[in-house]
Amino acid sequence: KKSSIFLFIIIFSSCVSKKKILYFQDEAKAAYYNTNDYSLKFKKDDLLAINISSGDIEAVKPFNLPTVSYSLVTNSVTGVPKQQSYLIDSNGEIQFPVLGKLKLVGLTRVEVIDLITKKITPFVNDVTVNIQILNFRINVMGDVKKPGTFTVENERLRVIDALALAGDLNISGERVIEIKRETEKGIVTGFIDLKSNDLFSSPFYYLQQNDIVYVRQNNAKLQSASSNQNTGLYISITSVLITLISILTR
């Protein structure tokens, strides 16, 4: 009897439901899911590469930063030419050649392209504007295999891409993850449930630059961590309980 009761306690305490672990569990609900339109908005401290091109190369030269490389030793222009970049300052602006200050913070890529195109058109008719964020990065923290800061070239980054970069969740990681995002009004917090396909329709499914993805440890892991130092005490208590149950059930 003692061994049976003890075995039951061990099995019950170590049993983990698949419903708490598996991703995308409601696949049978529908065949298609609506993802939100992705529209990255520029933020302060974004480092941008902005290239202006046209059939008339000479005409757009004044609107492009020089492609140079500086030597820290000689303090002169040297080496392989490199496209210079624009940093969005604390006022949300950049200093653009010829056009002066442009406020970009809070605007989408399409809106900025439209803004710059309209301002250059009086000088050059045939204009193409290309923009890239050079410091698009996200932070993945918590109960994942490889937490860290990741800088990526692809600005269309999904939360599942970020988790893949971090080596995926540990088995002890909560499947409802937390995302911290900087906005003009302050920090907002969103939650993504990896167990549900509703995540594809979440406004946090596509990450923004500097988002923080945080994976909490599940309750079992937290309890295990807090009880490791008291394991001997718990074993003693369990033994006493088993003995009492054995006596009472005779």
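Of the numbered conditions (1) farther than 30 Å from Val105 by Cα; (2) of a type outside the set (Asp, Glu); (3) exposed (fewer than 13 other Cβ atoms within 10 Å of the Cβ); (4) touching a strand residue (DSSP E or B) at 6+ places or on another chain (Cβ under 9 Å), Thr189 satisfies every one except a single condition; which is it?
Checking Thr189 against (1) farther than 30 Å from Val105 by Cα; (2) of a type outside the set (Asp, Glu); (3) exposed (fewer than 13 other Cβ atoms within 10 Å of the Cβ); (4) touching a strand residue (DSSP E or B) at 6+ places or on another chain (Cβ under 9 Å), the one that fails is (1).
Is at least one residue of segment 227-236 modelled with pLDDT under 85, among the aromatic types (Phe, Trp, Tyr) and open to solvent by 40 Å² or more (accessible area, probe 1.4 Å)?
Kept after step one, since they are modelled with pLDDT under 85, are these residues of segment 227-236: 227-236.
When the remaining residues are screened for being among the aromatic types (Phe, Trp, Tyr), the result is 234.
This time we only want the ones that are open to solvent by 40 Å² or more (accessible area, probe 1.4 Å), so: 234.
Scanning segment 227-236 turns up at least one residue that is modelled with pLDDT under 85, among the aromatic types (Phe, Trp, Tyr) and open to solvent by 40 Å² or more (accessible area, probe 1.4 Å).
For segment 139-154, check the following and say yes or no: at least one residue is of a type in the set (Lys, Arg) and within 10 Å of the chain's Cα centre (by Cα).
No: zero hits.
Quickly run through segment 164-186 and pick out the residues that are without any contact (Cβ under 8 Å) to a residue 60 or more places away in the chain, among the aliphatic types (A, V, I, L, M) and open to solvent by 30 Å² or more (accessible area, probe 1.4 Å). Show your work before the answer.
Quick first cut of segment 164-186, residues without any contact (Cβ under 8 Å) to a residue 60 or more places away in the chain only: 164-170, 172-174, 176-181, 183, 185-186.
If we keep only those that are among the aliphatic types (A, V, I, L, M) as well, we get 164-166, 169, 176-177, 179.
Passing the criteria: Ala164, Leu165, Val176.
Scan Phe200, Phe204 and give me the residue that is touching a Gly at 6+ places or on another chain (Cβ under 6 Å) and farther than 29 Å from Gln95 by Cβ. Reasoning before the result, please.
Numbers: Phe200 fails: touching a Gly at 6+ places or on another chain (Cβ under 6 Å).
On inspection, the qualifying residue turns out to be Phe204.
In segment 26-68, which residues are at pLDDT below 70, over 18 Å from the mean Cα position of the chain (by Cα) and not hydroxyl-bearing (Ser, Thr, Tyr)? Even if it seems obvious, please write down each step before you answer.
Applying the first criterion (at pLDDT below 70) to segment 26-68 yields 26-37, 68.
Subset that is over 18 Å from the mean Cα position of the chain (by Cα): 26-34, 68.
If the condition is that a residue be at pLDDT below 70, over 18 Å from the mean Cα position of the chain (by Cα) and not hydroxyl-bearing (Ser, Thr, Tyr), then Asp26, Glu27, Ala28, Lys29, Ala30, Ala31, Asn34, Val68 are the ones that fit.
Residue pairs, Cβ under 8 Å, 6 or more apart or interchain, first in segment 48-73 and in a loop (DSSP other than H, G, I, E, B), second of a type in the set (Phe, Trp, Tyr) and modelled with pLDDT of 90 or more. List them.
Hits for this filter: Leu65/Tyr86.
Would you check which residues across segment 116-135 are touching a Ser or Thr at 6+ places or on another chain (Cβ under 7 Å) and open to solvent by less than 40 Å² (accessible area, probe 1.4 Å) and list them?
Within segment 116-135, Val124, Val127, Val129, Asn135 qualify.
The values are calculated or read from the model by the stated rules, or taken from the named source; none is laboratory data. Just so it is clear, the model here is predicted, and its values are computed rather than measured. Virtual Cβ from ideal backbone geometry, glycine too; neighbours counted across all protein chains shown. What goes into the accessible areas is simple: the full protein's heavy atoms, side chains included, and nothing from ligands, DNA or RNA. Shrake-Rupley method; radii C 1.70, N 1.55, O 1.52, S 1.80 Å.
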